[in-house]
Amino acid sequence: MPELPEVELVATSLNSLVKGFTILSASLIRQRLAPDVTPEVFNLLITNATINFVHRRGKHILFDLDNSKTLISHLRMSGRFSLLTADSEDPKFTHAVFHFGGESRLTFDDQRHFGLMKIVETCDLHAAEEIAKLAPEPFSDDFSIKYFREKLLTSKRSLKEFLLDQTKVCGLGNIYASEAMFAARIAPQTPANELSAVKAKRLFESIRVVLQEAIEHGRRSGVDPENLEGGYFSGEGKRGWRVYDREKQPCVNCNSPIVRLKQGGRSTYFCPRCQKK
Ligand SMILES: [Zn+2]
């Protein structure tokens, strides 16, 4: 699933591509993509609305419209937006299409069928179920070391599982959780409430560093308007991960083999030498 930096790249790309575009009509092809409404209502709610701003909250992409509504969308496993012209066919598994003037259109396709859309009043966005429960944005003042320590103390779960909980820390998934714990030199099995103040501060800072690095890496990589997916860009090319998906490969710090561990059904990668309990 795309994590904060990937969703950030998709949202900022969409903003530069479709901001100011007016939706002439919207086709909800797979109704379960937006389970709260019928295709007729979906179309009615956003037809003739102009896209004011596309941004992100957590891993949700938000289209603020000029009719006081916001379209919330989540890519989940395989959702993808494509800005297409009249000459291009809809991608396979297209579940929604937003038609603009000049025969351009934005499609949402989703091979795995886990994507979600929802239309809410913009003024009620903060209260929408998906948004209300999210932890503060990691780069906001609300996400402070004080907040982070308080939340750590409420959880007996492993640090890895704690970091994936979007109500505690927002935006991390399997990859950036592993990368942040590696950067902070902390064992992923540590119970959250047993983390010392010093380590908590180190982890807090590492979360911001790994996310920021990945966001900047994303900004430098070009995007294809016809393929706005949440693919992991940081693992590709020269940069690569420091620890994620590197089982049995040498640690970049100490050359010890990286170990893969199953936590909450998901793989965690770590260096047992650098990340001692
Ligand atoms: Zn190491």
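The values are calculated or read from the model by the stated rules, or taken from the named source; none is laboratory data. On a predicted model such as this, the values are computed, not experimentally measured, just so you know. Every residue, glycine among them, receives a Cβ derived from its backbone with ideal geometry; neighbour counts consider all protein chains shown.
Examine region 196-217 for a residue that is more than 20 Å from the chain's Cα centre (by Cα) and of a type in the set (Val, Ile, Thr), and state whether such a residue exists.
Within region 196-217, one or more residues are more than 20 Å from the chain's Cα centre (by Cα) and of a type in the set (Val, Ile, Thr).
Can we say Phe53 is in contact (Cβ under 8 Å) with a residue 24 or more places away in the chain and touching a Ser or Thr at 6+ places or on another chain (Cβ under 8 Å)?
Judged against the criteria, Phe53 is not a match.
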Qualifying residue in region 226-241 (condition: charged (D, E, K, R), at pLDDT 95 or above and surrounded by 14 or more Cβ atoms within 10 Å (Cβ to Cβ)): no
Residues of region 98-115 that turn out to be part of a strand (DSSP E or B) and buried (at least 20 other Cβ atoms within 10 Å of the Cβ), as a count: 7
Options His74, His95, His60: the member that is more than 18 Å from the chain's Cα centre (by Cα) and buried (at least 17 other Cβ atoms within 10 Å of the Cβ): His95
Unmet requirement for Phe148, which otherwise passes all of (1) out of contact with any helix residue (DSSP H, G or I) (no Cβ under 6 Å at 6 or more places or on another chain); (2) farther than 26 Å from Val41 by Cβ; (3) surrounded by 13 or more Cβ atoms within 10 Å (Cβ to Cβ): (1)
Failed item, numbered, when Glu8 is tested on (1) of a type in the set (Asp, Glu); (2) crowded, with 22+ Cβ neighbours inside 10 Å; (3) part of a strand (DSSP E or B): (3)
Subset of region 52-84 [among the small types (Gly, Ala, Ser) and in contact with a Lys or Arg (Cβ under 7 Å, 6 or more places away or on another chain)]: Ser78
The one condition in (1) in contact with a helix residue (DSSP H, G or I) (Cβ under 8 Å, 6 or more places away or on another chain); (2) closer than 21 Å to Glu121 by Cβ; (3) among the aliphatic types (A, V, I, L, M) that Leu75 fails to fulfil: (2)
Region 69-97, residues that are more than 21 Å from Ser16 (Cβ to Cβ) and outside any loop (DSSP other than H, G, I, E, B): Lys69, Thr94, His95
From the options Lys118, Lys133, Lys156, residue that is surrounded by fewer than 18 Cβ atoms within 10 Å (Cβ to Cβ) and over 20 Å from Ser267 (Cα atoms): Lys133
Filtered residue count, region 23-59, keeping only those that are part of a helix (DSSP H, G or I) and either over 24 Å from Glu229 (Cα atoms) or of a type in the set (Val, Ile, Thr) (or both): 5
